[in-house]
1. If a residue has to be in contact (Cβ under 8 Å) with a residue 60 or more places away in the chain, closer than 18 Å to Tyr268 by Cβ and over 15 Å from the mean Cα position of the chain (by Cα) to count, how many in segment 51-98 make the cut?
2. What are the residues in segment 471-509 that are open to solvent by 50 Å² or more (accessible area, probe 1.4 Å), at pLDDT below 85 and not in a helix (DSSP H, G or I), if any?
3. Which members of segment 408-427 meet the condition of being closer than 17 Å to Met446 by Cβ and open to solvent by 30 Å² or more (accessible area, probe 1.4 Å)?
4. All but one of (1) under 30 Å from Asp303 (Cβ atoms); (2) at pLDDT 85 or above; (3) open to solvent by 10 Å² or more (accessible area, probe 1.4 Å) hold for Ala452; which doesn't?
5. Hey, which of the helices (runs of 4 or more DSSP H) in segment 192-291, taking only ones fully inside, have at least 2 residues that are modelled with pLDDT of 90 or more?
6. What pairs come up if the first residue lies in segment 423-441 and is on the phi > 0 side of the Ramachandran plot, the second is outside any helix (DSSP H, G or I) and at pLDDT 85 or above, and their beta carbons are under 9 Å apart, counting only those six or more places apart or on different chains?
7. Could you grab me the full set of residues in segment 220-236 that are open to solvent by 10 Å² or more (accessible area, probe 1.4 Å) and either out of contact with any Pro (no Cβ under 8 Å at 6 or more places or on another chain) or not hydrophobic (A, V, I, L, M, F, W, C) (or both)?
8. In segment 315-335, which residues are loosely packed, with under 14 Cβ neighbours inside 10 Å and either out of contact with any helix residue (DSSP H, G or I) (no Cβ under 9 Å at 6 or more places or on another chain) or not aliphatic (A, V, I, L, M) (or both)?
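The values are calculated or read from the model by the stated rules, or taken from the named source; none is laboratory data. Values in this document were obtained by computation on a predicted structure and should not be read as measured data. Cβ: placed from backbone, ideal geometry, glycine included. Neighbour counts: every protein chain shown. Ligands, DNA and RNA are stripped out before the accessible areas are found, and what is left, the full protein with its side chains, is counted by its heavy atoms. Shrake-Rupley method; radii C 1.70, N 1.55, O 1.52, S 1.80 Å.
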Amino acid sequence: MALYWCTECMPLAVTGLLPIILFPMMGIMTAEEVSIQYMKDSNMLFLGGLFVAVAVENWNLHKRIALRVLLLVGVRPSLLLIGFMSLSAFLSMWISNTATTAMMLPISKAVLQQLKETDARSDAREFQAAGGDEDGTELEMRQTKQEVTEEKEPDTQHQIELRRHAREAEYERLNKGMSLSVCYSASIGGTATLTGTVPNLILKGQVDQLFPDNGGVVNFVSWFGFAFPNMVIMLVLTWIWIHIMFLGFNLKKSFGCGKKTDKDREVYTVIKEEYNKLGRMKFAEVAVLVIFILMVLLWFTRDPGFIDGWATLLFNQKGRFVSDGTVAVFIAILFFIIPSRLPKLKAPKTLLNWKVIQERIPWNIMLLLGGGYALAEASEVSGLSKWVGGMLSPLKNIPPFAITLVLSLLVATFTECSSNSATVTLFLPILASLATSIMIHPLYLMLPCTIAASLAFMLPVATPPNAIAFSFANLKVIDMVKAGFMLNIIGILATNLAINTWGYLIFDMGTYPQWADSLPNQP
């Protein structure tokens, strides 16, 4: 399965179905035991989150939010870079990074094109003024200036051509930087929430699968508390690196100062016109926004950790009945109940219908997730994970932080050439066995490597956002390699800093948890 996932000789989802055939035939698990792995709670959480993302996209709420924020941040190059990166990261926390990149890149191109055109007009006005076209001069002065202008015309044309080439080169760099910043920010933003990207959900599913007595250690709140600050740090460092590479280090020039210029006003007008095309906020958009906020609030207050949440007080007193997946599916169902406009004589359509869901939900991911869970379960039942863990036990002589750093580098390199979901699916059971064999907290290894799988920045084929940006901005592979290599290092170092500081406190990494002993040791 690892070979098939890496080479993609068959679709990833089809490879994910192989356990249903092979494990019963090999006598490892019964068909019923394998099949049940394809509908775990994590799959329901993933599905519910996708329904919300589809609703947000279907009613253009994400575009309204994006344009509104751009109107607030300003139109200077550095401010635009901050605006586009922050927006891409925020949207990718809730909708797919591919959809975020596909939406934000055309907006960035329109803004940069307007900047380029206004710069050209500004240069033309400067040369016109230098040529002596001012009114109110006497005839003799005009004749003299005309003679001088004719003598200097070749030099002026040469200067205009030089300025044009310089402007083209500048905006080509700016376009590359903006496009790369959008796709990178979308990948980074997906790490901040449990539903932001598939590897995060695979981690939760694998932890619940391998350590059934973990007490819900990985949930929306604990993940957000660990990953969101880490995402902010990665985003800031990414902005600095992209700024240095494509805009230089002259922050005064990039940020600008003083009053708004004609160029600023014209670009602001373009964004304003795009925003006005959306019209007034419709009832459906308001409804989707309210439901979205309700979902986030329910996730945060379900089981905060420091106090009892609503799920514990109302439903979970005798066991773990209500999970984040329960909330996600409840919210998803609301979209099929609440109308898209206020009812009148005829019943209006609901916010979502099944046809839209069928077209936009990537159902193949459900099979990929299920195949990964089945593979992890079979690794434990067969004793493979125990054997691998035993082979890796000499690593206990190495400091834990060094093990995490090396494994993160390995996963980040591996994910450049294979699906991040497949990478995480393959590595997590091995990492769990390694952690239990050397007696360290399983999440100390599993968390950084899960985030490292989303740090696919160097190659266009590494992740769909990279491919979109690569084709959209006419990038060369070397452009992405030069920018992405440093960002991979930044991401790995930032994540390892996080796991050794606030992550250490959130997940109590200093003690080996009792629930880690629930990893099966016998076939």
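1. Going through segment 51-98 one residue at a time, the tally reaches 15.
2. Here is the first cut: in segment 471-509, the ones open to solvent by 50 Å² or more (accessible area, probe 1.4 Å) are 471-472, 474, 476-478, 482, 485-486, 489, 493, 497, 500-502, 504-506, 508.
When the remaining residues are screened for being at pLDDT below 85, the result is 471-472, 474, 476-477.
Scanning segment 471-509 gives Asn474, Lys476.
3. Looking only at segment 408-427, we keep the residues that are closer than 17 Å to Met446 by Cβ, and these are 408-412, 414-415, 420-427.
Leu409, Leu410, Phe414, Asn420, Leu426, Phe427 - these are the residues of segment 408-427 that are closer than 17 Å to Met446 by Cβ and open to solvent by 30 Å² or more (accessible area, probe 1.4 Å).
4. (3)
5. On the way: elements: 198-210, 220-246, 251-255, 262-277.
Per the criteria, 198-210, 220-246.
6. Met439/Tyr512
7. Taking segment 220-236 and keeping what is open to solvent by 10 Å² or more (accessible area, probe 1.4 Å), we get 221-222, 224-225, 228-229, 232-233, 235-236.
Passing the criteria: Ser222, Phe224, Gly225, Phe228, Pro229, Val232, Ile233, Leu235, Val236.
8. Across segment 315-335, the qualifying residues are Gln317, Lys318, Gly319, Phe321.
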